[in-house]
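In what follows, a single structure is set out as structure tokens and then discussed.
Values in this text are rule-based calculations from the coordinates and carry no lab data. If you're wondering where the values come from, they're calculated on a predicted model, not measured in any experiment. Here Cβ is always computed from backbone atoms with ideal geometry, including for glycine, and neighbour counts include all displayed protein chains.
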Amino acid sequence: MAALILGLLVASCADGSLGLAEYNEQGTALAAVMEGRIAALDAAWNTETATVDDVRSYWDQRIDAYETGLEGFRDLKPSGEVAELHRTGMELFTNLVAAESAVAERVASFETVTGPEQWWATAEGAAVRAAEEDIYSLCLVFQATYDATVERIVVSDVPWIPSEMKEIVQVDIGCETVRRGT
């Protein structure tokens, strides 16, 4: 889920730095690292009898994984045709991290061991779901942007058209996986 959320932030650079395909590749790699960290946390959670300290540690590590991913995407400076989508994606992902952090704070206040059922049943959990729904909506716009590049095939051999306007990227960023949630 998180990988797809970060994958949504992938955009094109028309200023000569990164093309759409290169940016997608780098963004996907950043997202995969973050998703791997969260998946490992979830797997460990499911195999242990947790204490209150374990719950707090889980959330500290989960938030760290999100914040590290967010920093990585901030380092990628897109421009060009989808720079505004990237900025919107960064805002939405920042909102998701804030909502997840609020869940972490709420969970840290519990004096007994809790699990995912209790975490997501809170008002803070509902805010995470709302943030994920906003990201899903943006995912559809990003996917349409990628899909529109396929139409450029008709100009790919025209020498006077700038290369960034010829770039074709065929990728399914997995919006339906984003909608299914964590």
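Treating only the Cβ of Lys, Arg, Asp and Glu as charged (+1, +1, -1, -1), what charge dipole size does the stretch 83-152 show about its Cα centre? Round to the nearest 20 debye.
100
Below 12 angstrom from the Cβ of residue 57, what's the summed charge of the other residues (Lys, Arg +1; Asp, Glu -1)?
The answer is -3.
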